[in-house]
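The values are calculated or read from the model by the stated rules, or taken from the named source; none is laboratory data. Everything quoted here is computed from the prediction, not taken from an experiment. All Cβ positions, glycine included, derive from the backbone under ideal geometry; neighbour counts span all protein chains shown. With ligands, DNA and RNA removed, areas are computed over all heavy atoms of the protein, side chains included. Shrake-Rupley method; radii C 1.70, N 1.55, O 1.52, S 1.80 Å.
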Amino acid sequence: QVQLVESGGGLVQPGGSLRLSCAASGYIFALYTMSWYRQAPGKQRELVAVIGTSGTIKYADSVKGRFTISRENAKNTVDLQMNMLKPEDTAVYYCNANLSPNNYWGQGTQVTVSS
């Protein structure tokens, strides 16, 4: 069955860095657009970054210049490097795989930015 397993979350001070990783299995990874979303308490889930099958990348305005998404098809992984973290980046971060009509989610990993 399809599995997306996120890792790398944790507690970090403002200005710090974290690297999230998502390991995928159970489908043809290279055919799917991969994304990272996040959901803060009391807020809707929002798109953070997306990387297409050809490597096309888009970021939310709030993370441009600070976050970097990458994928490695040979390892079925997608990473999110997060630098210069701010308290407002605190959220549960979710990995997503999409190839319409299929849409898969991971269980999420908590990122907390606090001093």
In Å², and per residue, what accessible area does the chain have when probed at 1.4 Å with the other protein chains present? 53 Å²
Going by Cα centres, segment 37-115 and segment 1-15 are how many Å apart? 10 Å
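Can you pull out the trypsin sites (Lys or Arg not before Pro) in segment 17-63 whose DSSP state is coil and whose Cβ has at most 11 other Cβ atoms within 10 Å? Present the calculation step by step, with values, prior to reporting the outcome.
Numbers: sites: Arg19, Arg38, Lys43, Arg45, Lys58; in loops: Lys43, Arg45.
Answer by residue number: Lys43.
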Using DSSP, restrict attention to beta bridges with both residues in the chain and report what percent are antiparallel, rounded to the nearest 5. 95 percent
Just to be sure I follow the rule: in the chain, considering lysines 8 or more places apart or on different chains, how many pairs have Cα atoms under 21 Å apart? 4
